[in-house]
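First comes the structure, then the notes that go with it.
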Amino acid sequence: LRTADDFKLAGAGSQAPIGPRRSASSKVDYFPKQATHREYGPKWLPAVPEEKPGTASGLEPDQLTPVAERMEHAAAAIAFSANTVSPKSADCAFALSAWIDGVTVPPGAVSAGPGTYIVDHDALAAPLLDAATASSASTAAFEPMCEALTALNLGSLRATGASGGTVLLTALRADTPDAPATHAQAAQDPRWLKAEAGELDNHKRNGSWEELSRSQVPRGRRIHKLVWVYKVKRDGTCKARLCVQGCTLEEGIDFDQTFSAALRYSSARGLFCYAARKGCKVRSIDYVAAYLQGKFIEGEVIYCHMPPGYVELDSDGIPRVLKIVKPIYGIPQAGRRLQRQIFPWMKAQGLKPLDDSDPCVFVREDDSDGEIFVVGLYVDNLQIVHSVNIDDKGNAPPSSFCASFLKALNETWDVLDEGPMVDLLGIQARHNADGSITLHQEAYIDKLVERFLPGGVPPSLQGTSLPYSRNLDKHVSDAAACTGVDYPHLVKPFQERIGSLMYATTSTRCDIAYPVHQLCKCLAKPTPELMEEADRIIAYLARHRSVGITFDPGSTDLHAFSDASWEVRNSTSGWVVMWGNAALSWGSRKQ
């Protein structure tokens, strides 16, 4: 519930906000944030910045969503089909990690698209108000209201304006449009029930939790919610993931350190270049239910309700509670716990990390036999560069280091050999006949164009071969000189475009780095001219969608170029590092 006006608790017996409150975001502060305040509502809703004269006045709450979060959301939605948000009803942008799934859909709800439901406000409010009124009598009577509020974590609640007392509930899901939004919907299809059973079986084999009665939970410990996340994978199979609603976990109680390193984009490109240079192959191996294979440190424990649809009662008829004893998805430290298991194991196999450049790249300590074997680790995916041949069944020559590594990997971990690597993090890899390797983002660009230019590239943007106009600098300087937000309705679409373009820029499309860098200077003050410049870049990508980075085979020198704009005050630096006759690393930054 975003504000008190969306759902009033007047006369309900208590005026205190319901549920926990979140302090300032723990994310890296990429951009300066205004002072914030929070009213009623689930803690995963972003705080609403205080209005400032000339800047925030007249803006909708959605336009005040933190810039970095909105840009991340837009890129993730295109690259990984990470969420479903109705553009007319969703009132905030969610980070990729903020997956929320509704346990129940209120009675009488009418579907209005994937994850969106129309319900009668009065019918929805009545049971909550009755429960709140009864809460003064006993704590037990207060529980139904809390559970009902939890069920509202489908998403945002706001008036549609279509008719009095009508609201929209928007669910955030990691899925395709054919995936269910709730367990109640999944229960109607045996494919999704089978997917849920497989996920529960993974937890059972892993020993992820212990079942307790409610009375065994230590006094004062919060019991968190488990949510189902549904997705149709690229091969058409149905996948159900059981996650802890991590946004309710408390730092210092449920978790402490959360950082875990991830393979850098330049390192991933470098491994492809190294493979082309040495005539090697690149293989992809994925950890199955990776986070379940980590281990908590001593004393770490989290308490959760039973999974939706699989609630069990104790002898007193009270729902049992799960004591989470191993990391599972949704727990902030799950990635760190997995990494603290994998890194020592890699070293035990005779591999050493490149700590001076990227600790997620492992090379052989003893390569005197001439065999090439390098591993790049991105969370739960292994990018393996190998010189020996691996057959269709995944078997390498018995006497090779590759064979011993793969054998130990399959004996120790639950992994899936995906064969030759064809994509990584939304980057597609094409192995050419001459031994070169091309990295491109054709599929990502198709989705980007479909989202932002659904009617195709307009004729006005087809008359230039460059990704920017000759007036780009003037448009940027004019927008930067504005003292307020002259076009508040452009803030959200502009930031979503730039966030999506930045993902392509940092992955494979260094040819658009300059105009994207310039447009980033005016993220909070877009103008129609800058919107046209952003669409011009998208149109350029649409015309050159298959262009990528091609690393040539054979020996080539590593060399780099750098320069600066030599401005009066703050110059802008730019650099590019070349290897394999292609760009390996690049960037542009104001000093």
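The values are calculated or read from the model by the stated rules, or taken from the named source; none is laboratory data. This structure is a prediction, so every number in the text was calculated from the model and none was measured. Neighbour counts are summed over all protein chains in view; Cβ atoms, including those assigned to glycine, are modelled from backbone coordinates with ideal geometry. What goes into the accessible areas is simple: the full protein's heavy atoms, side chains included, and nothing from ligands, DNA or RNA. Shrake-Rupley method; radii C 1.70, N 1.55, O 1.52, S 1.80 Å.
Data table
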quantity: Pick from the stretch 385-415, criterion in contact with a Leu (Cβ under 9 Å, 6 or more places away or on another chain) and surrounded by 14 or more Cβ atoms within 10 Å (Cβ to Cβ), ranking: nearest to residue 283 (Cα to Cα); calculated: 385
quantity: Where residue 577 falls short, out of the listed (1) out of contact with any Asp or Glu (no Cβ under 9 Å at 6 or more places or on another chain); (2) open to solvent by 50 Å² or more (accessible area, probe 1.4 Å); calculated: (2)
quantity: Residues that are closer than 23 Å to residue 581 by Cβ and open to solvent by 10 Å² or more (accessible area, probe 1.4 Å), drawn from the stretch 426-439; calculated: 427, 428, 429, 430, 431, 432, 433, 434, 435
quantity: When residues of the stretch 289-314 are limited to those that are among the small types (Gly, Ala, Ser) and touching a residue at least 12 places away in the same chain (Cβ under 8 Å), the one farthest from residue 241 (Cα to Cα); calculated: 294
quantity: Test result for residue 223, over 21 Å from residue 414 (Cβ atoms) and of a type in the set (Val, Ile, Thr); calculated: yes
quantity: Residue 491 at pLDDT below 95, crowded, with 17+ Cβ neighbours inside 10 Å and under 23 Å from residue 465 (Cα atoms); calculated: no
quantity: Enumeration of residues in the stretch 497-517 that are open to solvent by 20 Å² or more (accessible area, probe 1.4 Å) and not hydrophobic (A, V, I, L, M, F, W, C); calculated: 497, 503, 506, 511, 514, 517
quantity: Among the candidates 401, 373, 405, 362, residue that is hydrophobic (A, V, I, L, M, F, W, C), farther than 30 Å from residue 329 by Cα and within 33 Å of the chain's Cα centre (by Cα); calculated: 373
quantity: Every residue from the stretch 188-214 that is of a type in the set (Asp, Glu), within 15 Å of residue 328 (Cα to Cα) and open to solvent by 60 Å² or more (accessible area, probe 1.4 Å); calculated: 201, 210
quantity: Qualifying strands (runs of 3 or more DSSP E) (wholly inside the stretch 254-340; at least 3 residues being open to solvent by 10 Å² or more (accessible area, probe 1.4 Å)); calculated: 281-287
quantity: Residue in the stretch 418-427 that is free of Cβ contacts under 8 Å to residues at least 24 places away in the same chain and not aromatic (Phe, Trp, Tyr) present; calculated: yes
quantity: So residue 278, is it farther than 24 Å from residue 377 by Cα, touching a Ser or Thr at 6+ places or on another chain (Cβ under 7 Å) and not acidic (Asp, Glu); calculated: no
quantity: Residue match in the stretch 445-459 (condition: surrounded by 14 or more Cβ atoms within 10 Å (Cβ to Cβ) and under 30 Å from residue 367 (Cβ atoms)); calculated: no
quantity: Enumeration of residues in the stretch 354-403 that are more than 19 Å from residue 263 (Cα to Cα) and touching a residue at least 40 places away in the same chain (Cβ under 8 Å); calculated: 372, 387, 389, 390, 401
quantity: Qualifying residue in the stretch 233-249 (condition: surrounded by fewer than 20 Cβ atoms within 10 Å (Cβ to Cβ) and within 17 Å of residue 299 (Cβ to Cβ)); calculated: yes
quantity: Check on residue 376, touching a Cys at 6+ places or on another chain (Cβ under 8 Å), part of a strand (DSSP E or B) and within 18 Å of residue 287 (Cβ to Cβ); calculated: yes
quantity: Any hit, the stretch 350-362, residues being in a strand (DSSP E or B) and open to solvent by 80 Å² or more (accessible area, probe 1.4 Å); calculated: yes
quantity: Search result, residues across the stretch 421-460 that are out of contact with any Ser or Thr (no Cβ under 6 Å at 6 or more places or on another chain) and closer than 22 Å to residue 342 by Cα; calculated: 424, 425
quantity: Inter-residue pairs, beta-carbon under 9 Å, first more than 18 Å from residue 405 (Cβ to Cβ) and in the stretch 334-353, second in a helix (DSSP H, G or I) and open to solvent by 10 Å² or more (accessible area, probe 1.4 Å), 6+ apart; calculated: 334/246; 334/291; 335/291; 337/291; 338/291; 338/293
quantity: Of all residues in the stretch 460-487 being of a type outside the set (Val, Ile, Thr) and crowded, with 19+ Cβ neighbours inside 10 Å, the one that is nearest to residue 69 (Cα to Cα); calculated: 479
quantity: All positions within the stretch 156-187 that are buried (at least 22 other Cβ atoms within 10 Å of the Cβ), aliphatic (A, V, I, L, M), part of a loop (DSSP other than H, G, I, E, B) and modelled with pLDDT under 50; calculated: 171, 172
quantity: Which listed residue, of 460, 399, is out of contact with any strand residue (DSSP E or B) (no Cβ under 9 Å at 6 or more places or on another chain), hydroxyl-bearing (Ser, Thr, Tyr) and more than 30 Å from residue 529 (Cα to Cα); calculated: 399
